[in-house]
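Worksheet for the structure shown next.
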Amino acid sequence: MDNCLLSVVVVSWNTCDLLGNSIQSIRQYPPAGPFEVWVVDNASNDGSAAMVRERFPWVQLIENRDNVGFAAANNQAIRDSKGRYIALLNSDTELRPGALDALVGFMEVNPRAGAAGARVFNPDGCLQPSCQPMPTPEREFWRLLFLDRIWPRATYRMHRWAVDTPRRVEVIKGACLLLRREVLDQVGLLDERYFMYAEEVDLCYRMDRAGWE
């Protein structure tokens with residue numbers, strides 16, 4: 001797609017119903033500019049790929065014969081996508097009105113931002129942590145001893161943050177992560193040595209080392 005503003009990438013593995021709800025929310029609350037949606041199915045056995053073909057024929061679908069992992073599957077779609085921005089969404093996420101426009105709009109007016117994240121809510125409406133400080137040996141020791149309950153050093157007190165003011169953070173979790181393609185061209189894609197988990201921590205670390213916010 002020429003002049004594509006946003007590529008939304010969803011990796012699925014045996015989450016057929018959740019995936020359908022996620023894609024439906026993208027269709028219901030699309031961004032204002034040209035966009036495309038990619039689903040990479042990691043050899044699900046629950047009919048996820050067939051559901052996408054039947055219900056959402058406009059979605060770009062990649063069907064893997066094996067489960068290649070979260071990082072590698074995202075990279076497959078990123079390499080083929082055309083958007084100036086790439087939004088990574090978990091298959092169990094559902095968008096709220098204006099979510100994609102808010103993320104892209106922030107990036108458009110903040111050219112030093114290499115990535116942006118959103119508030120993420122649990123099904124009951126309570127806040128789910130969507131970012132964290134960069135892990136260090138000291139912070140991990142603190143977290144493993146549950147000392148964050150006394151004084152947070154390995155987590156952020158997101159429930160105390162103002163909801164109408166963007167805040168610079170060190171790591172954005174991959175459940176909802178908007179990336180600038182220019183940054184990926186510079187620092188590289190997700191490290192496929194991480195099969196699942198921590199790949200976004202590594203990417204945010206590389207972005208920070210390269211001078212991006």
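The values are calculated or read from the model by the stated rules, or taken from the named source; none is laboratory data. Here the structure is a predicted model, which means the values were calculated and not measured. Every residue, glycine among them, receives a Cβ derived from its backbone with ideal geometry; neighbour counts consider all protein chains shown. SASA here: full protein model, heavy atoms, side chains in, ligands and nucleic acids out. Shrake-Rupley method; radii C 1.70, N 1.55, O 1.52, S 1.80 Å.
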Quiz prompt | 5 angstrom amide H check on S12, placed H, neighbours 5+ away | solution = V40, D41, N42
Exercise. Determine the calculated [θ] at 222 nm for the chain from helices alone, applying -39500 (n - 2.57) to every DSSP H run no shorter than 4 residues and normalising by the residue count; nearest 500 deg cm²/dmol.
Key: -9500 deg cm²/dmol
Practice problem: May I ask you to derive the relative contact order of the chain, considering only C-alpha pairs under 8 Å and at least 6 residues apart, and to give it as an integer percent? | Solution: 24
Exercise. For the stretch 23-38, take each phi angle, set θ = phi - 60°, evaluate the Karplus expression 6.51 cos²θ - 1.76 cosθ + 1.60, and give the result in whole Hz per residue in order, putting x for glycine and proline.
Key: 5, 4, 5, 5, 5, 6, 10, x, x, 6, x, x, 8, 9, 10, 10
Exercise. Provide the net charge surrounding G33, with neighbours chosen by a C-beta distance below 13 Å and charges set as Lys +1, Arg +1, Asp -1, Glu -1.
Key: -2
Quiz prompt | Sum of side-chain charges, R139 neighbourhood, beta-carbon under 14 Å (Lys, Arg +1; Asp, Glu -1) | solution = -2
Quiz prompt | Amide H contacts under 5 Å for V37, placed H, 5+ residues apart | solution = V8, Q60
Quiz item: With charges set only on the Cβ (+1 for Lys and Arg, -1 for Asp and Glu), what does the dipole of the stretch 1-154 come to about its Cα centre, in debye to the nearest 20?
Solution: 420
Practice problem: Express the accessible area of the chain per residue in Å², computed with a 1.4 Å probe while the remaining protein chains stay in the model. | Solution: 55
Exercise. Taking chymotrypsin sites (Phe, Trp or Tyr not before Pro) as candidate sites, keep only those in a DSSP loop with at most 16 other Cβ atoms within 10 Å, then name the longest stretch of the chain containing none of them.
Key: 59-145
Quiz item: To the nearest 20 debye, what is the magnitude of the charge dipole of the stretch 23-96 about its Cα centre, counting +1 on the Cβ of each Lys and Arg and -1 on the Cβ of each Asp and Glu?
Solution: 320
Quiz item: How many percent of the accessible area of the stretch 109-213 is carbon or sulfur, using a 1.4 Å probe?
Solution: 55
Practice problem: Collect residues whose amide H, placed 1.01 Å from N in the peptide plane, falls under 5 Å from the amide H of K82; neighbours closer than 5 in sequence don't count. | Solution: none
